[in-house]
Amino acid sequence: MRTWLCCLFAAALTACGAAPAPAPAWESVADPGFLDQLAATYRFRLGRPSAVTVLPGDGGVLFLQSGPRSFERALYRFDPKTGRATELLTAAALLNGASEELTPEEKARRERLRLAAKGIARYSVSRDGQHLLTLLSGRPFVYTLATGKTVDVLGPDAAPVQDAHLSPDGQKLAFVRGGELWWTPVRDAAPVQLTTGASDTVSHGLAEFVAQEEMGRLAGLWWSPEGDALAYQRTDTAGMERFYLPTLTDPAIAPSASPYPRPGKANAQVQLFVRTLTADAPVEITWDRAAHPYLARVVWAKDAPLTFVTQNRRQTELTVRTADAATGQGGPVHTETDAAWVELDADMPRWLPKGCQFLWTTERNGHWQLEVRNADGTLSHAVTPPTFGYAGLVHVDTDGGYAVVAGGPDPTQRQLYKVPLGGDAAPTPWTTDGGWHALTVAKGTADAPATVAVHTHTPEHGPTTWQVRPFSADGLGDPLGPLPDQAEAPGFDVQVTWQTLEVQGRTHHAQVVRPRNFKPGWRYPVIFHVYGGPTHAMVRRVASGLERDQWLADHGFIVVRADGRATPGRGRDWGRALGDDFAQTALEDGKALLTALGRALPELDLDRVGVYGWSFGGYLAAMATLRAPEVFKAGIAGAPVTDWRDYDTHYTERYIGLPDTDKAVYAASDVLTYADRLARPLLIIHGTGDDNVYFAHALRLSDALLRAGKPHDFLALAGHSHMVSDAAVTRGEYARVIGFFHAHLGAPTRP
């Protein structure tokens with residue numbers, strides 16, 4: 001009876017307005033099947049056309065594609081005349097149904113490429129566009145488009161090949177086997193060994209670790225334009241430390257060992273040689289390797305000398321050199337210097353026909369510019385102005401006197417422009433729609449000029465498209481048809497908005513993903529998704545790729561990305577504003593940007609901010625949790641570098657110098673320095689098989705925290721490398737992520 005009276009009294013108070021009804025609880029709208037779909041589709045990447053190559057003339061378009069939930073790629077050809085794509089090659093057909101077996105070297109190469117594909121994962125095409133090469137189980141196969149026939153060049157019983165390259169005419173093959181350089185005609189001949197002396201520490205024709213991981217140079221051998229000689233690197237790792245990668249789930253397997261170049265310690269010794277196919281001995285291409293130990297680029301173009309780019313160890317000096325391939329003699333033609341460091345451009349130098357001039361890019365005037373230099377290296381003229389926003393070379397047509405470049409004034413978008421090679425007119429925009437544009441054009445020849453291109457466009461909202469379009473000096477014609485896209489899409493649209501913020505006189509860009517059932521007036525905990533490093537910007541004006549952020553937001557968070565100083569695309573001074581340690585500028589800007597966003601968007605509850613990132617982002621997330629607990633109330637550090645003395649030379653020394661001469665910078669930059677400061681929840685995630693950021697980084701941080709008496713969470717991804725492609729592991733990892741943030745940041749609240 002008393003219970004009934006209490007209920008009646010409470011109801012009366014509510015009716016009179018004396019006791020308002022309790023605020024409704026937050027209800028998640030996160031799709032319960034999303035993690036399964038995200039994992040099974042490799043973050044919605046499977047099924048997209050990739051490795052697109054436009055063939056000269058009317059040869060059509062080649063591309064690789066898998067099913068929407070398969071890593072197994074096949075090679076396809078799109079015919080612009082019919083608008084249809086047909087399958088050309090599959091791994092199963094080439095291997096007669098046998099399963100592909102990756103060599104350890106191929107696994108390492110795919111890790112450098114961050115490539116999880118199977119089947120025909122990569123291919124290359126001869127200069128005339130008639131022959132293509134793919135490697136399966138260490139066996140090189142050459143396919144001729146005109147005949148539809150494939151040659152298993154070395155046969156099924158030959159020892160596996162580590163790398164292979166077609167000659168420009170597609171009639172010869174160079175490859176590395178057992179650390180030695182070989183060549184063979186594609187048909188009906190025995191292979192010929194060109195080098196000797198390979199050992200556990202010496203190899204020929206293979207790029208060393210830092211060239212592949214940090215310089216963007218995967219090749220260690222290069223054909224002459226006539227196909228009668230090969231340039232190749234000799235690599236000696238005898239003086240280097242060995243890093244060991246154990247299989248922690250099976251102690252019976254011996255650890256694999258690899259030479260690893262830690263900061264301040266020995267790098268691989270790299271030399272460059274030329275060997276004609278008929279000569280008895282190679283010719284060494286000489287330069288002062290003590291002063292410039294890094295071989296960053298090698299270019300051997302028609303009607304031009306053998307050209308290569310070298311760097312000093314601190315990367316403050318970069319030199320373009322040419323050499324006589326017959327004698328090995330030559331010298332520098334152009335040098336770039338920068339008191340901080342000189343950035344590499346993987347597209348440069350680019351020789352123009354007849355070898356009288358070459359294209360070059362520079363940040364010398366504060367922003368990236370494309371310029372023309374004479375054969376002796378002297379500056380002819382600039383092609384683009386410093387204020388243009390140059391972001392990359394797409395195509396060059398010397399007969400038409402123009403180039404197509406990517407760029408524009410907005411670093412969060414990418415447009416296409418036509419620029420006169422004479423530098424005597426302003427860039428002409430070829431695209432204006434918002435988002436991210438790219439173009440793939442055939443290199444073309446005098447007999448078969450480029451007539452079609454593949455225009456890739458990711459709009460601000462909506463899926464990426466790959467349209468095959470007529471191509472000429474006048475621009476892009478109406479689409480001839482799309483390359484098919486089999487990728488799945490999530491069952492929701494990403495709710496993203498973009499912000500431009502003024503902070504301390506600087507303009508910054510940010511993007512904000514809200515829950516799909518966002519309620520104005522409510523206050524939401526924030527997940528700050530970071531990278532913050534000098535090689536990658538997080539903010540792009542496209543919703544594609546943000547599906548994971550949307551899923552996180554749908555659990556009751558607002559997910560924020562923002563780019564501070566030291567990120568690329570904003571000019572020389574912006575990109576080099578690192579401060580006194582590697583994390584300082586990124587932390588300062590991250591805190592300031594969150595404050596500015598909080599002022600603009602009152603729905604952000606800045607008393608409940610979590611931080612999450614991977615790789616450099618994992619490093620920054622750990623630093624933010626340790627060094628700024630007043631802002632970041634929980635952190636998840638994925639694959640973090642915790643001690644820069646244990647990362648590689650070419651990346652680390654570029655930014656923070658040498659450990660012996662810059663001890664204070666290294667100490668300030670290391671996560672371990674601050675382990676005893678942990679005052680907020682921290683989750684560390686790391687793959688035990690990571691050979692980029694070794695698992696030891698996470699273990700050392702966990703050990704330092706344990707010794708300092710600091711509780712923390714640890715998730716080891718057994719056997720996984722720096723990228724995680726296993727569906728079950730991806731599903732479990734992100735379930736752990738959302739559970740961690742729920743536990744420590746809570747749910748949205750109603751005022």
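Per-residue 3J(HN,Hα) values for segment 188-201, derived from phi via the Karplus relation 6.51 cos²θ - 1.76 cosθ + 1.60 with θ = phi - 60°, read 6, 7, 7, x, 10, 7, 9, 10, 9, x, 5, 8, 5, 10 Hz in sequence order (x marks Gly and Pro). For segment 494-551, taking Cα atoms only, Rg and Dmax work out to 12.8, 37 Å respectively. For the pair ASP280 and THR465, what calculated FRET efficiency results from E = 1/(1 + (r/R0)^6), where r is the Cβ-Cβ distance and R0 = 51 Å, to the nearest 0.05? So, using R0 = 51 Å, E works out to roughly 0.40.
Rank-order 69-77, 126-134, 105-113 by packing density, defined as the average count of other C-beta atoms within 10 Å over each peptide's residues, highest first.
126-134, 69-77, 105-113
Taking label positions 7 Å along the Cα-Cβ direction at both PHE518 and LEU715, the computed distance is 2.6 nm, reported to one decimal.
For LYS443, list the lysines whose Cα falls under 28 Å from its own Cα; do not include residues on the same chain fewer than 8 positions away. Leaving aside lysines fewer than 8 places away in the same chain, those within reach of LYS443 are LYS81, LYS118, LYS149, LYS172, LYS302, LYS354, LYS418. Length available on full extension from ALA425 to GLU488: 0.36 nm per residue minus the Cα-Cα distance, which gives 18.3 nm. Taking the Cα centre of each part, how many Å lie between segment 148-179 and segment 455-484? Answer, in whole Å: 35.
For a quick check: sort TRP351, TRP551 by the number of other beta carbons within 10 angstrom, fewest at the front.
Fewest to most other Cβ atoms nearby, the residues stand as TRP351, TRP551.
Cross-link partners of LYS710 among lysines, defined as those whose alpha carbon lies under 21 angstrom from its own and excluding same-chain residues fewer than eight positions apart: LYS633. Taking max minus min of the alpha-carbon positions on each principal axis, segment 358-432 gives extents of 37, 30, 18 Å, largest first. Over the chain, what is the relative contact order in percent, taking alpha-carbon pairs closer than 8 angstrom and at least six residues apart? The normalised contact order for the chain reaches 10 percent. Projected label points at ALA252 and ASP169, each 7 Å from Cα along the beta carbon direction, are separated by 5.4 nanometres.
Approximating the spin labels as points 7 Å out from Cα along Cα→Cβ, the GLU502-to-THR82 distance works out to 5.9 nm. Averaged over residues, the count of other Cβ atoms within 10 Å places the peptides 433-439, 379-385 in the sequence 433-439, 379-385, highest first. Each peptide in 449-462, 251-264 receives the mean, over its residues, of other Cβ atoms within 10 Å, and ordering these scores from highest gives 449-462, 251-264. Annotation: extensible slack from ALA190 through ASP660 equals 164.0 nm (criterion: 0.36 nm per residue apart, minus Cα-Cα distance). Of the GluC sites (Glu not before Pro) found in segment 191-266, the ones in coil according to DSSP and having at most 13 other Cβ atoms within 10 Å of their Cβ are GLU226. Just how far, in whole angstrom, is segment 228-281 from segment 685-700 if you go by their alpha carbon centroids? One Cα centre to the other: 21 Å.
Computed from the C-alpha gyration tensor, the three semi-axes of the ellipsoid equivalent to segment 580-644 are 22, 13, 9 Å, from longest to shortest. Among the listed options [x] 1.17; [y] 0.95; [z] 0.99, the one matching Rg/Rh (Cα atoms, Kirkwood Rh) as calculated from these coordinates is [z]. Couplings 3J(HN,Hα) for segment 481-497, derived from phi with the Karplus relation 6.51 cos²θ - 1.76 cosθ + 1.60 (θ = phi - 60°), are x, x, 5, x, 10, 9, 5, 6, 10, x, x, 7, 9, 6, 9, 10, 10 Hz, where x marks Gly and Pro. Go ahead and run the numbers for FRET between THR316 and VAL29, Cβ-Cβ distance against an R0 of 41 Å, rounding to 0.05. That gives a FRET efficiency of 0.20.
Bridging of LYS663 to lysines at a Cα separation below 18 Å is possible for LYS265, once same-chain residues fewer than 8 apart are set aside. Amide H contacts of VAL641 (H built 1.01 Å from N, in plane; Pro and chain starts excluded): TYR619 sit under 5 Å, all sequence-distant by 5 or more or on other chains.
Here, each number is a calculation from the coordinates, and none is a lab measurement. A quick note: this is a predicted structure, and the numbers were derived from the prediction, not measured. Counting neighbours? That spans all protein chains shown, and the Cβs are built from the backbone with ideal geometry, glycine included.
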